[in-house]
Amino acid sequence: MILMFHYSFMLSLLLASFIFGGVESHQESGEWRCESESEIRVYSDFKPGVITLDGQAEDWKDIDGSSFSLLPALDPHAENEFQGGKMIIKSVHDGHDVFFLLQVDGDYAYSKGEGNKCPSVALMFQIGDSATYHNMGGCEEHSTSCTNKTCKGHEVDIMHFSIGNAIPGRLYGGNPLDNRDGNGGDRFGHLVDVYSWNPHCRYLDGTGPSGSANDSSAQNDWKGAWWHSSFTVQSGFVADESPYAENGKQGTYFFEFSRPLRTMDRLQQDVQFTIGGSSKMAIAFWYPVDGQPWHGSGHYSVNCDWVPIDISSDAYLSDKSANTGSSSSWNIASAFSLILSVAALCVSVFVSYRVFNPKNVGFTPMGNL
């Protein structure tokens, strides 16, 4: 049992290291500066029964999105913007789950089993009140001293999808095997559920620093899929068909995700969304520019600070109720008008009959009286 726990813990650390790259690569040159566009935000409207989680974007065509420039996270200057194009972000919820679509133009690049030679995306959300966008939570402790006590309030929730082992259009993320082990891993497609206090202290949900106990209730609450517009097959791929398209083909990447608005988290490792409320999020994008493998901190971001996301309340229901109420009122008025019309018609027929068909009265001579 102890050996199994040790193996599971070491595996989680290796996965986290693989997913985000070595911590030594996360170094900045000079003082951090951010000129954030404060007016930008993401809106998640109530749209039940609209989205199918398959990586394709046809069911999103009538949903408005927000467009963002992609700038290097550690050097957010316009001259270094991602040359493929801007990222479009869309979100909806159905009252139980929240859905995201990330759309970005980029030549097709895929190398099976080599995640850093394929595009990759991550979503990060503020959990703790003191958690900053910069430095993934901003706790000042080192990897040997960060704990849920020393870094309390700096928790961020991260979903990271590295597609090197993921088949296009197939669903990845939370699965029975990894959730049974009580962690946020994904042994099939590397769509993982992670929390962090800073770049040196990030762990799969349910795991933690050396010496901390795993929590068997943790799980990966995310699901997702990816697609590229250059694919000519719509019925679905299998692993043997990799790389699925010709590398270098122009097109657009689509990344689609969902997660419950509320989770069973008891450890401050998941963000909890509230209908009618707002949360803070960030979006990262990795791409093998000129075919060169990307590294952990070499990602692009849509902003150099948190981006607010608004989870809409019952506006849709209110509109629907108002429309239903108007419709009901109109039906009642129409029925009443119909009754009056029928009654008026009956009276008109009766009067006409009396006028044009008078009752005959016999003539009685005066002499017979």
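Some observations on this one:
- Residues that are open to solvent by 10 Å² or more (accessible area, probe 1.4 Å) and outside any loop (DSSP other than H, G, I, E, B), drawn from segment 140-177: N165, Y172, P176, L177
- The residues of segment 128-139 that are part of a loop (DSSP other than H, G, I, E, B) and crowded, with 23+ Cβ neighbours inside 10 Å, listed by number, are A131, M136, C139.
- Qualifying residue in segment 249-256 (condition: within 29 Å of N165 (Cα to Cα), assigned to a loop (DSSP other than H, G, I, E, B) and of a type outside the set (D, E, K, R)): yes
- Of residues in segment 218-243 being open to solvent by 50 Å² or more (accessible area, probe 1.4 Å) and among the polar types (S, T, N, Q), the one modelled with the highest pLDDT: S229
- The requirement of being at pLDDT 95 or above, open to solvent by 20 Å² or more (accessible area, probe 1.4 Å), in contact with a Ser or Thr (Cβ under 6 Å, 6 or more places away or on another chain) and over 21 Å from F161 (Cβ atoms) is satisfied by D45.
- Qualifying residue in segment 58-68 (condition: at pLDDT below 95, assigned to a strand (DSSP E or B), open to solvent by 50 Å² or more (accessible area, probe 1.4 Å) and not basic (K, R)): yes
The values are calculated or read from the model by the stated rules, or taken from the named source; none is laboratory data. Since we're looking at a predicted model, the values are computed, not measured. Every residue, glycine as well, gets a Cβ built from its backbone with ideal geometry; the counts of neighbours run over all protein chains shown. To get the accessible areas, we keep the full protein, side chains included, count just its heavy atoms, and leave off ligands, DNA and RNA. Shrake-Rupley method; radii C 1.70, N 1.55, O 1.52, S 1.80 Å.
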